[in-house]
């Protein structure tokens, strides 16, 4: 068995290059100089009591480290670093070391830069990059999962569970994207510092739907044995696992922006 090192189909860059994404947003939408507080945050990021979501907000290059350990920094981003390590059975000191090295080798935008992006620009980015990607990727991967399960399900019965989870994920996410674009995002574009009760409920529903998506991603991870390929895997099998890994990485980046950057601007 071997793991896939998949690259993003959209531009040839690693799909997990979240730091590069934040740098792109910053370069396009805000001018700038490095925030005065940036270097100060370097000394606090490794505090084990800090939430994993806030670590990624200030140091986006840490997202890849968390993904390697299946630490959910988007839907369960409120967990402290210490709690997340314990839950995943990762030695805290080893995780701290990996995060420290990632920060030292920073490739992305300046810490905290994404917080400065105006709300309309942030929504444009979420829709133009993440929603557009999922609208192409999900219709492609759903029949591919069915094909692989049909051809290889007898050899590996977990592929049937994988097919079911991919179908659920595709259906749920496409409806979720439609709802956000038709109702929630227009309301947030026109809102001030405070939103009406209906929009507050829509933000809460968004978070609940994100949690449901996170559970489906866990099911896909388990059914695919962390995207590990058997030696006998055919081309379709390999393509499926590569696409699913890229989809997972994109969803983590996407939901992180919605849960921990967009929603908090409106008290959610």
*What whole number of Å gives the distance from the Cα centroid of region 140-183 to the Cα centroid of region 184-238?*
13
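Evaluate region 53-104: find the radius of gyration of its Cα atoms, find its Kirkwood radius, and give the ratio Rg to Rh.
Here the Rg-to-Rh quotient is 0.91.
So if each residue of separation counts as 0.36 nm, and I subtract the Cα-Cα distance between residue 181 and residue 218, what length gain in nm does that give?
Details: separation 37, 0.36 × 37 = 13.32 nm, distance 2.58 nm.
Taking residue 181 through residue 218 to full extension adds about 10.7 nm, to one decimal.
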_On a full-extension model of 0.36 nm per residue, what is the gain between residue 150 and residue 239, subtracting their alpha-carbon distance, rounded to one decimal in nm?_
30.5 nm
*Length-normalised contact order for region 118-266 - Cα pairs under 8 Å, 6+ apart - percent*: 34
*Approximate spin-label separation residue 100-residue 201, in nm, with each point projected 7 Å along Cα-to-Cβ*: 5.0
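Read-outs: derived from the displayed coordinates by stated rules, not from any lab. Keep in mind that what you see is a predicted model, and the values were worked out from it rather than measured. With ideal geometry, Cβ positions are generated from the backbone for all residues, glycine too; neighbour counts draw on all protein chains shown.
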